[in-house]
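Take a look at the structure below.
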Protein chains: 2
Amino acid sequence: MARVGLLGASGETGSSILEALVEDAGFEIIALVRPASLSKPANVVLKDRGIELRALDLEGSQDSMAAALEGLDILISAIGPRDQLAQIPLVPAVKKAGVKRFVPCGFAPVMPVGVHRSRDQKEEVYNLVKRLHIPYTIIDIGWWYQFSLPKLPSCRIDYAVGPASQSIAGDGNAPSAMTDLRDVGKYVTRVIKDERTLNAMVFVYNELWTSNQVYDLLEKLSGEKIPRKYTSAKDYERQIAEADVTLKVKPEDFVARAQKVLAQYALSVGIRGENTPEFARYLGYLDGKKLYPDVKFFSFESYVQEVLGGKAKGVYEDLMPLMKNAIETDR
Amino acid sequence: MARVGLLGASGETGSSILEALVEDAGFEIIALVRPASLSKPANVVLKDRGIELRALDLEGSQDSMAAALEGLDILISAIGPRDQLAQIPLVPAVKKAGVKRFVPCGFAPVMPVGVHRSRDQKEEVYNLVKRLHIPYTIIDIGWWYQFSLPKLPSCRIDYAVGPASQSIAGDGNAPSAMTDLRDVGKYVTRVIKDERTLNAMVFVYNELWTSNQVYDLLEKLSGEKIPRKYTSAKDYERQIAEADVTLKVKPEDFVARAQKVLAQYALSVGIRGENTPEFARYLGYLDGKKLYPDVKFFSFESYVQEVLGGKAKGVYEDLMPLMKNAIETDR
């Protein structure tokens with residue numbers, strides 16, 4: 001039975017992966033948590049479910065990290081979006097521990113290098129992995145359903161709606177590959193058992209939707225008419241330039257950072273249409289639809305029904321108030 | 001008939017490609033040359049052979065560059081090793097001209113990002129190509145036969161021997177993929193006609209040899225005993241550190257630059273063994289041996305016989321005196 005270490009098991013992506021690993025029942029699962037977090041309620045729950053907890057201090061020594069990774073066949077990093085570079089000291093420890101497949105944190109839309117800070121930080125990690133000749137798999141998953149719906153005039157889906165979808169990028173006709181966050185783990189368990197994906201990039205996703213199609217569907221299912229605000233490339237570029245003014249003085253300013261990140265996503269996904277299986281193939285990814293045509297996933301329509309029925313779950317709930325501030329600056 | 005533009009047709013790699021394109025007879029060939037070089041003897045010779053010459057000024061406007069690329073189906077860049085970044089302004093013009101396949105300058109050993117300046121500059125170009133969604137093929141070709149032989153005590157092959165092989169990296173047992181410079185073009189003509197290689201990296205090479213095997217062969221065929229000087233990773237790292245001291249003050253110092261480049265190659269090719277089909281697959285390359293098993297190439301043994309027979313041709317003859325200085329600093 002393969003021993004799989006998971007970093008970030010309590011995060012959005014990590015939880016999805018954890019549930020799928022448990023469901024699969026073919027893995028011995030080790031959750032790697034910060035030493036200070038071992039006794040946190042979320043981790044105690046994991047322990048009670050029979051999942052091994054191990055302390056991993058990303059600021060600790062190479063030896064202590066390698067010891068925490070001892071005996072793992074696979075290591076999956078689902079570290080938070082703002083902690084990508086914290087993986088850098090981890091990589092030599094992964095090498096030292098002899099992990100047979102490292103899945104560094106990807107789990108994002110498909111993008112080229114040089115258009116998005118988080119993607120570029122991931123590239124730094126990937127390049128280090130390759131310099132150390134570590135067996136790897138990079139998995140990208142497109143855009144979350146959970147980040148894709150606009151608000152309704154009645155406000156009845158506000159509880160589940162993220163900030164990134166409150167305006168439509170460009171003409172709203174660029175298709176984007178979308179995945180239910182809850183399905184991410186299903187794909188990951190398939191990918192890590194698959195020899196074809198060793199030392200490769202894989203793009204997995206559920207369905208392709210344009211922004212206009214998303215609005216059309218939500219209008220049809222809700223019976224409400226949703227105002228459509230189209231934002232041009234030029235406007236997003238202006239937002240990035242404005243954010244850069246703040247970031248020059250306060251490089252980690254949360255609101256400016258979020259404004260820039262969302263504008264960069266809008267340009268890539270909505271305007272240049274990069275979050276597609278075609279562009280993924282262009283960049284060298286294997287196509288998850290071809291590898292795993294049989295995965296049962298949530299349809300986007302069923303997700304929208306859930307949201308309208310009051311049964312969906314929001315994401316990044318701790319960050320939402322701050323992210324909404326970032327969006328308000330655009331209003 | 002596909003219209004192929006070639007940048008750097010008079011260089012070492014460019015000449016090999018040009019001859020193969022002519023030999024193939026299936027291409028309309030356009031040599032792109034600097035405006036000031038249009039009347040140089042080497043280019044007049046090309047013109048006399050019926051090859052179209054077009055002026056391309058890499059420091060000119062986007063519009064003038066796009067006009068020079070007008071109507072090309074394929075553009076191959078075989079620009080000099082120190083001019084990689086001169087391709088940056090060219091890339092948007094390639095986009096503008098609608099070139100159907102761009103082969104940015106690769107033609108090197110296989111390496112990860114972050115271990116060699118020239119490779120990293122190429123990566124900058126590749127990343128820009130991908131940001132602009134330009135159809136591309138990256139072709140690497142391993143290590144030249146023409147850079148692989150040590151001197152003989154009798155000095156009788158000095159006329160053909162490059163500087164990079166005067167000591168053996170590590171224990172001399174790392175295999176390295178080697179290609180006769182004259183064969184590079186044969187592979188390139190195959191690759192650019194092949195739909196499987198569109199938007200992909202391809203690794204083509206002739207034969208795998210270790211340094212010790214190269215010395216053994218040369219000793220056997222020459223009848224001379226060649227002293228073997230082994231250089232450790234630590235020594236190459238020291239050479240790089242020394243070069244960096246000079247480069248900090250004089251960033252383009254030729255001797256320091258060459259010393260660093262050769263040490264970085266030795267670490268990658270000779271110590272870490274990265275210039276192999278296995279490592280190329282690990283990095284995502286297609287394998288030229290599988291794609292084109294029928295290419296007739298010069299065997300390494302036949303090349304060594306040519307060298308011993310006084311019939312081989314040296315490379316980078318203008319740079320050799322300078323490069324030898326870089327090597328002397330290591331003696």
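I'd like the interface area for chains A and B: accessible area of each alone minus the complex, both sides summed, 1.4 Å probe, protein heavy atoms only. What is it in Å² to the nearest 100?
Working: alone 14610 and 14600 Å², together 27720 Å².
Counting both chains, the buried surface is close to 1500 Å².
Between segment A:186-229 and segment B:148-197, the alpha-carbon centres lie 47 Å apart.
Straight-distance candidates among the lysines for linking to residue A:220, with alpha-carbon spacing under 17 Å and chain neighbours fewer than 8 residues away dropped: A:151.
Beta bridges per DSSP, both residues in segment A:2-135: antiparallel share near 0 percent. For residue A:38, project a label point 7 Å along Cα to C-beta. Then give me every residue of segment A:64-98 with its amide nitrogen under 19 Å of that point. Under 19 Å, as judged by backbone N against the label point of residue A:38, lie A:64-72 of segment A:64-98.
For residue A:225, the aspartates and glutamates whose Cα comes closer than 13 Å to its Cα, not counting residues fewer than 8 places off in the same chain, are A:216.
Near the amide H of residue B:178, within less than 5 Å, lie the amide hydrogens of B:143, B:206, B:207, B:208, B:209, all on another chain or at least 5 residues away, with H placed in the peptide plane.
In percent, how large is the relative contact order of chain B, given Cα pairs closer than 8 Å and 6 or more residues apart?
17
Calculate the mean, over all residues of peptide B:120-133, of how many other protein chain Cβ atoms lie within 10 angstrom of the residue's Cβ. Average neighbour count from other chains, rounded to a whole number: 3.
When DSSP beta bridges are limited to those with both residues in the protein assembly as shown, what percentage is antiparallel, rounded to the nearest 5?
In the protein assembly as shown, approximately 10 percent of DSSP beta bridges are antiparallel ones.
Backbone phi angles across segment A:80-95, fed through the Karplus curve with coefficients 6.51, -1.76 and 1.60 (θ = phi - 60°), yield HN-Hα couplings of x, x, 9, 10, 3, 6, 5, 6, 4, x, 5, 4, x, 5, 4, 4 Hz in residue order; Gly and Pro are listed as x.
Here the protein assembly as shown yields Rg over Rh of 1.01, to two decimals, using C-alpha coordinates and the Kirkwood radius. Using R0 = 25 Å, the C-beta based FRET efficiency linking residue A:224 and residue A:244 works out to 0.10. In order along segment B:113-130, phi translates into HN-Hα couplings of 6, x, 10, 7, 4, 5, 4, 5, 5, 4, 4, 4, 5, 4, 5, 5, 3, 6 Hz, rounded to whole numbers, per the Karplus curve 6.51 cos²θ - 1.76 cosθ + 1.60 with θ = phi - 60° and x for Gly and Pro.
Using a probe of 1.4 Å, the accessible surface attributed to residue A:29 totals some 20 Å² when neighbouring protein chains are kept in position.
A label point on residue A:313, set 7 Å along the Cα-to-Cβ line, lies at 6.8 nm from each of its counterparts in the other copies, closest listed first.
What is the calculated FRET efficiency for residue B:195 to residue A:54, with r their C-beta to C-beta distance and R₀ = 56 Å, to the nearest 0.05? Don't skip to the answer; put the middle values down first.
Numbers: r = 48 Å, r/R0 = 0.86.
Between residue B:195 and residue A:54 the formula returns 0.70.
I need the calculated FRET efficiency for the pair residue B:156 and residue B:19, taking r as the beta carbon distance and R₀ as 25 Å, to the nearest 0.05. Mind dumping the intermediate values first?
Values: r = 28 Å, r/R0 = 1.11.
Once rounded, the FRET efficiency stands at 0.35.
Of the trypsin sites (Lys or Arg not before Pro) found in segment A:16-80, the ones in coil according to DSSP and having at most 15 other Cβ atoms within 10 Å of their Cβ are A:49.
If you count, for each residue, the other Cβ atoms within 10 Å and average over each peptide, how do A:80-93, A:244-257 line up from highest to lowest? Can you show the working numbers first?
Details: A:80-93: 18.0, A:244-257: 13.6.
Ranked by mean Cβ neighbours within 10 Å, highest first: A:80-93, A:244-257.
Rounded to the nearest Hz, the phi-derived 3J(HN,Hα) couplings of segment A:180-189 under the Karplus curve 6.51 cos²θ - 1.76 cosθ + 1.60 (θ = phi - 60°) are 6, 3, 5, 8, 3, x, 4, 5, 4, 5, where x marks glycine and proline. Note on B:176-183: average number of Cβ atoms from other chains within 10 Å of each residue's Cβ is 0. Lysine pair count for segment B:2-135 with Cα-Cα distance under 26 Å and sequence separation of 8 or more or different chains is 8. Just want the answer: with Cβ charges of +1 for Lys and Arg and -1 for Asp and Glu, which residue in A:74, A:4, A:86 is farthest toward the dipole's positive end in segment A:2-135? Projecting each Cα onto the dipole axis, the largest value belongs to A:86. Note on chain A: antiparallel DSSP beta bridges, both residues inside, total approximately 10 percent of the bridges counted. Could you work out the local net charge near residue A:133, counting Lys and Arg as +1, Asp and Glu as -1, over the other residues with Cβ closer than 9 Å to its Cβ? That sum, taken over residues with Cβ under 9 Å, equals +3. For residue A:103, the amide hydrogen comes within under 5 Å of the amide hydrogens of A:75, A:76, A:77, A:137, counting only partners 5 or more places away or on other chains and with H modelled in the peptide plane. Once you list every other residue whose beta carbon is under 15 Å from the beta carbon of residue B:51, what net charge do they have if Lys and Arg are +1 and Asp and Glu are -1? Within the 15 Å Cβ shell, the charges total -1.
Taking amide H as placed 1.01 Å from N in the peptide plane, residue B:34 has its amide H under 5 Å from the amide H of B:56, each at least 5 places away in sequence or on another chain.
The values are calculated or read from the model by the stated rules, or taken from the named source; none is laboratory data. Because the structure is predicted, anything quoted here is derived from the model rather than measured. Positions of Cβ are backbone-derived with ideal geometry, glycine not excepted, and every protein chain shown enters the neighbour counts. In case anyone asks, the SASA skips ligands and DNA or RNA and just uses the protein heavy atoms, side chains included. Shrake-Rupley method; radii C 1.70, N 1.55, O 1.52, S 1.80 Å.
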